[in-house]
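The values are calculated or read from the model by the stated rules, or taken from the named source; none is laboratory data. Owing to the predicted nature of the structure, the values given are computational and were not obtained by experimental measurement. Heads up, the Cβs are rebuilt from the backbone with ideal geometry, glycines too, and the neighbour counts pull from every protein chain shown.
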Amino acid sequence: MYYFLWDESFLWGLTAYKSFVGLGVPLTVVTAAEVRAGALSDPGVLIVPGGWASDKTVALGEAGREAMRGFVKAGGGYLGLCGGAGLALDVDGGLALTHVSRVPTKHRVPSFSGDIDLVPEDTTHPLWRGIRRPYRFHAWWPGQFHLGDGDGVKVIARYGGPGPDFCLADLPSSDVAGYGDGWERWEESYGINLNPDRLVGEPSIIEAGFGAGMAFLSYLHLETPGSRKGNRALLNVLEYLRPMGTLTPCPSPAGGEGLRKIDIEAVKAATDMMRAAKEFISFGERNFLWHWRNGWVLQWRRGVRGVEYSTVYGLIREIDRGMKTGVGYSDPTLSGKIVALQGIVAGFFDGAKKLLLLERHAMMSGQMSSIYSHDPEVMRLRARLFSNSKRFGGEFKTLLDALDDIILGLIRG
């Protein structure tokens, strides 16, 4: 059994789910409420994708966390990716599947993303089977492991040098290395650690036994779309944690004889939301605030939110695709949710456009980050839309939960 924890992953959960399904892994999607109710009843592997670990902690509650610990202790495998790795650590609210904790923000490199080379501790480990050098995978704004005394922990890989697409905040590493005069002034200006040399030698993938089971934790997103080496590594890890036999790609749920008539009003609502999402992205592009870094995530200027807008766009796109391909068959409850969501989406994009222009102006007159601005109007609108913390809340979180609920319905439909 391959369990896949859905809650509080959003874009990271969706991309991971699609990657695993495309690789032929027969997933059983479970929610935090179902975990609390005993869903992890069969032996197997529990996959926990990215997202804020602290939000997963809240969703699971003490009973859910204890159920997960019991699952691994009894012999289950735990595969944690980025936020899912963070959930497993020995921190407040964590599962404590290992004695490893997190490096405090002031001591780590908090905003790195893109492709990065890894240095294996042992190339005979099953993770590397069929993968050739360079061992280059993708990170998307991860935490960092603090091993402490390293009791019972095996390091599988450490960070090497940055790849061609590696960025620190909104700074392309290769550009600064090739034409800048070092990272010191950038770090002083941004107020955070940026030099990628700080990462070299730091652990990026680890494993640890827990009872009769094992936790395999990666701050790299092995499930990154289009990453052939990362996706091969995923299969290697799952085979390592629990032999799977021969896998074949899962068939698409669209086009079967059992599909019922699609709700035309819901299809139209999904189309309209997708149109609004595309126009919103164009708004940011023509105001020089971001560009598409790849097919699913934006690269944005420091001072505005970026991954949050990428997430909204990606989830709306998935709903639109689901409705158009026949996955979103006529389920009155699901259709009603999609229709009702249209007004919420329009209101959020309207407020976000106002915020983006205010933020663009504020960039011209003082320092600004995604959580601080000298402009009180920016701070007020941010509080309404996102909350004034690095994490998110406000209208964005309400919208996110609604989109996530619909996608889960489409998947289970």
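Take Ala346 and decide whether it is closer than 29 Å to Asp170 by Cβ, at pLDDT 95 or above and buried (at least 18 other Cβ atoms within 10 Å of the Cβ).
Answer is no for this residue.
Go through the stretch 284-296 and give me each residue that's part of a helix (DSSP H, G or I) and under 13 Å from Gly306 (Cα atoms).
Across the stretch 284-296, the qualifying residues are Gly284, Glu285.
Consider Arg412 carefully, then state whether it is touching a strand residue (DSSP E or B) at 6+ places or on another chain (Cβ under 9 Å), surrounded by fewer than 18 Cβ atoms within 10 Å (Cβ to Cβ) and over 24 Å from Arg275 (Cβ atoms).
It is true that Arg412 is touching a strand residue (DSSP E or B) at 6+ places or on another chain (Cβ under 9 Å), surrounded by fewer than 18 Cβ atoms within 10 Å (Cβ to Cβ) and over 24 Å from Arg275 (Cβ atoms).
Any residue at all in the stretch 302-310 that's basic (Lys, Arg), outside any loop (DSSP other than H, G, I, E, B) and either surrounded by 15 or more Cβ atoms within 10 Å (Cβ to Cβ) or modelled with pLDDT under 95 (or both)?
no
Please determine, by comparing only the residues of the stretch 372-409 that are of a type in the set (Lys, Arg) and within 23 Å of Gly343 (Cα to Cα), which one is surrounded by the most Cβ atoms within 10 Å (Cβ to Cβ).
Ranking the qualifying residues of the stretch 372-409, first place goes to Arg382.
Can you confirm whether the stretch 351-371 contains a residue that is loosely packed, with under 14 Cβ neighbours inside 10 Å, without any contact (Cβ under 8 Å) to a residue 60 or more places away in the chain and of a type in the set (S, T, N, Q)?
Yes, there is a match, as at least one residue in the stretch 351-371 is loosely packed, with under 14 Cβ neighbours inside 10 Å, without any contact (Cβ under 8 Å) to a residue 60 or more places away in the chain and of a type in the set (S, T, N, Q).
Given the conditions (1) of a type in the set (Lys, Arg); (2) surrounded by fewer than 18 Cβ atoms within 10 Å (Cβ to Cβ); (3) under 20 Å from the mean Cα position of the chain (by Cα), and given that Arg129 satisfies all but one, which numbered condition is not satisfied?
With respect to (1) of a type in the set (Lys, Arg); (2) surrounded by fewer than 18 Cβ atoms within 10 Å (Cβ to Cβ); (3) under 20 Å from the mean Cα position of the chain (by Cα), Arg129 is out only on (3).
Among all residue pairs at least 6 apart or on different chains, which show Cβ distances below 6 Å where the first residue, located in the stretch 41-52, is free of Cβ contacts under 8 Å to residues at least 60 places away in the same chain and closer than 12 Å to Leu87 by Cα and the second is in a loop (DSSP other than H, G, I, E, B) and hydroxyl-bearing (Ser, Thr, Tyr)?
Gly51/Ser9
Using the structure shown, decide if Leu81 is within 15 Å of Leu217 (Cα to Cα) and in contact with a His (Cβ under 9 Å, 6 or more places away or on another chain).
So Leu81 fits the description; yes.
Quick one: what pairs do we get from the stretch 391-413, first residue at positive phi and not assigned by TED's automatic domain parsing to the domain that holds Pro26, second of a type outside the set (Val, Ile, Thr) and modelled with pLDDT of 90 or more, C-beta under 9 Å, 6+ apart or different chains?
Final answer for the pair search is Gly394/Arg382; Gly394/Ala383; Gly394/Arg384; Gly394/Leu385; Gly394/Phe386; Gly394/Ser387.
Only one of these is small (Gly, Ala, Ser) and without any contact (Cβ under 8 Å) to a residue 12 or more places away in the chain: Gly180, Gly201. Name it.
Result of the check over Gly180, Gly201: Gly180.
From Leu334, Leu341, Leu355, Leu315, grab the single residue that is outside the structural domain of Phe166 (by TED's automatic domain parsing) and within 27 Å of Gly143 (Cα to Cα).
Leu315
Of the numbered conditions (1) in contact (Cβ under 8 Å) with a residue 40 or more places away in the chain; (2) among the hydrophobic types (A, V, I, L, M, F, W, C); (3) touching a Gly at 6+ places or on another chain (Cβ under 6 Å), Val35 fails exactly one; give the number of that condition.
For Val35, the exception is condition (1).
What's the total number of residues in the stretch 259-304 that are of a type outside the set (Asp, Glu), over 27 Å from Leu334 (Cα atoms) and touching a strand residue (DSSP E or B) at 6+ places or on another chain (Cβ under 9 Å)?
Qualifying residue count for the region: 13.
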